[in-house]
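Structure, as structure tokens:
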Amino acid sequence: MQKLKVGMLLFPELTVLDFTGPYDVFVKAPCFEVVIIGETTDVIRAEGGLLLQPQVALANCPQLDIIFVPGGRGVNALLTNPVVLQFLRDQAVKAKYVTSVCTGALVLAAAGLLDGFKATTHWRSLELLRMFGVEAVEERVVRDRSRITGGGVTAGIDFGLVLTALIGGDEAAKIIQLQLEYNPAPPFRAGSPHTAGLPVLQKTKELTGLMLETRKKIIRQLLQDRAPSAAGPS
């Protein structure tokens, strides 16, 4: 079986599970070759301080079959990072699939790679995705042609299994699911804004409010900078 090359992006202040959920699926799948990429090969500090290191710098990255972008606090910087955004655009021309988990979808949208596609992201960021004109769907995994996006954080495992089934077949994905003992039985029904209950939902919104407003400002400025002048060229 010919392996598809999956480029998984690392960047400072990423959410670790956004990355490691799909990673643990992909490295067990015989249909994938995983390449860990970063703007450089310097060690990066993820949310919480965990140190991670890319294998390949973007400038030296081969053509990828699948591009993957996780999310996290560090997405704020990526939204206006011309090197990363141009790399994603260039790779997307020949890639079979362009993918993300959680707020990684905002980076794809900032690169213009979700224009005309349905996509999902973390429930708290769906409105941010819509600011880019993307048809945001509140689902665990959304596939629209060559775009496959996962919801927030833990949805990365679901996303990884969906992509594995698409490329390697259902049985391969099921074997990996069993190897991971991915059989969710959470102690609370608080994993969705629809089931968490009002007090938990309100507190969560309070805790994430500053990040949301910061990202709104970044996106508004980004969209404003892109917009042609109303007066037109002089």
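Quick notes on this structure:
- Selection status of Ser192, out of contact with any strand residue (DSSP E or B) (no Cβ under 6 Å at 6 or more places or on another chain), surrounded by 11 or more Cβ atoms within 10 Å (Cβ to Cβ) and touching a residue at least 24 places away in the same chain (Cβ under 8 Å): yes
- Filter pass, Arg130 being of a type in the set (D, E, K, R) and buried (at least 17 other Cβ atoms within 10 Å of the Cβ): no
- Any hit, region 118-126, residues being within 18 Å of Glu213 (Cβ to Cβ), touching a Gly at 6+ places or on another chain (Cβ under 9 Å) and among the charged types (D, E, K, R): yes
- Tallying residues that are crowded, with 24+ Cβ neighbours inside 10 Å and among the acidic types (Asp, Glu) within region 4-45 yields 1.
- From the options Gly49, Gly38, Gly7, residue that is on the phi > 0 side of the Ramachandran plot and modelled with pLDDT of 95 or more: Gly49
- Hits in region 195-234 - residues which are aliphatic (A, V, I, L, M), open to solvent by 80 Å² or more (accessible area, probe 1.4 Å) and modelled with pLDDT of 95 or more: Leu198, Leu207, Leu210
- Long-range neighbours under 9 Å by Cβ, at least six apart or interchain, first residue over 11 Å from Cys102 (Cα atoms) and touching a residue at least 40 places away in the same chain (Cβ under 8 Å) within region 137-152, second part of a loop (DSSP other than H, G, I, E, B) and small (Gly, Ala, Ser): Ser146/Ala95
The values are calculated or read from the model by the stated rules, or taken from the named source; none is laboratory data. Note that the structure is predicted; figures quoted are calculated from it, not measured. Cβ sites come from the backbone with ideal geometry, for glycine too, and all protein chains shown count toward neighbours. In case anyone asks, the SASA skips ligands and DNA or RNA and just uses the protein heavy atoms, side chains included. Shrake-Rupley method; radii C 1.70, N 1.55, O 1.52, S 1.80 Å.
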